[in-house]
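Where a number appears in this text, it was derived from the coordinates with a stated rule and is not lab data. A quick note: this is a predicted structure, and the numbers were derived from the prediction, not measured. Note that each Cβ is placed from the backbone with ideal geometry, even for glycine, and that neighbours are counted across all protein chains shown.
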Amino acid sequence: MIVETFAVGPLACNCTIVGDEATGNALVVDGGDGVDEVLLRLHALRLRATQLLHTHAHIDHIGDVGRLRAETGAAALLHPADIPLYEMLEWQAKLLGLAQAPAVVPLDGELNDDAFLECGDAALHVLHTPGHTPGSVCFSLGDGRESLVLSGDTLFAGSIGRWDLGGTSMQDIVESITRRLLVLPDETRVIPGHGPATTIGIERRTNPYLSTRTP
């Protein structure tokens, strides 16, 4: 199994490729702002993307998914609760001062809670974690011990995602983290949507938003 994470776009969104050497297939998580870099990495790893997955519908995570899908032929998936936010890419672009918004394209399917997205011997487990956005999800990957979590903008090293961007609350995001992520083993590695990696144990003990919480 191949797992490679790299920052893309002006906001340094962490994109992760999960690939299977035997089949050559790959899942791309949050590659919507780094089309050229994603294509270069896939080529270097000799992988072909089959699904484009998104932790949520903010422009830095999904904005240029239409072009990435056209280049790879992969299916683009998003949790249905974030479709309205995805359809507001023009509004999001204006908030960031961008001269032009990427095109909104019809997506190919939904990311449903507790679904498993297979890639050879690997599978990503979809965890719906509303709070940063209504349709935010995390993806866990492991061999039964859930050894890795791609947390999007839900959980960061030493912090949590913003909850004041519409339709959610601080209570929502903290409850999602407590219920879906803090139940994982302390050694579980966490790759957030931005910034450095951490572990569930570190965040359980030291994150000021979570240190008094128990699953």
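Things to note:
- Applying 0.36 nm per residue to the separation of residue 147 and residue 175 and subtracting their alpha-carbon distance, the gain on full extension is 8.0 nm.
- A Cβ-based charge dipole, computed about the Cα centre of segment 1-105 with Lys and Arg at +1 and Asp and Glu at -1, lands at about 160 debye.
- Helix-only [θ]222 nm of the chain, DSSP H runs n ≥ 4, -39500 (n - 2.57) each, per residue, nearest 500: -5500 deg cm²/dmol
- For 176, 159, 211, 140, order by how many other beta-carbon atoms lie within 10 Å, fewest first: 211, 159, 140, 176
- Among 90-97, 185-192, sorting by the average number of other beta carbon atoms lying within 10 angstrom of each residue, highest first, gives 185-192, 90-97.
- Cα gyration tensor category, rounded, prolate or oblate, for segment 1-87 with a/c compared to 1.5: prolate
- The fewest-to-most ranking of 127, 77 by surrounding Cβ atoms within 10 Å reads 77, 127.
- Rounded to the nearest 20, the Cβ-based charge dipole of segment 129-211 about its Cα centre (Lys and Arg +1, Asp and Glu -1) stands at 60 debye.
- Taking the fewest neighbouring Cβ atoms within 10 Å as the starting point, the ordered list for 55, 16 is 16, 55.
- Virtual paramagnetic centre 7 Å along Cα→Cβ of residue 67, amide N under 15 Å, in segment 101-117: 101-105
- Ranking 141, 127, 166 by how far each Cα lies toward the positive end of the dipole of segment 70-182 (charges on Cβ) leaves 166 at the top.
- Ranked by the mean number of other Cβ atoms within 10 Å of their residues, highest first, the peptides 106-113, 82-89 come out as 82-89, 106-113.
- One chain, two ends: residue 105 and residue 211. Fully extended at 0.36 nm per residue, the span grows by 34.1 nm beyond their Cα-Cα distance.
- For the chain, a crude dipole built from +1 on the beta carbon of Lys and Arg and -1 on the beta carbon of Asp and Glu, taken about the Cα centre, is about 380 debye to the nearest 20.
- Theoretical FRET efficiency, 1/(1+(r/R0)^6), r = Cβ-Cβ of residue 121 and residue 95, R0 41 Å, to 0.05: 0.50
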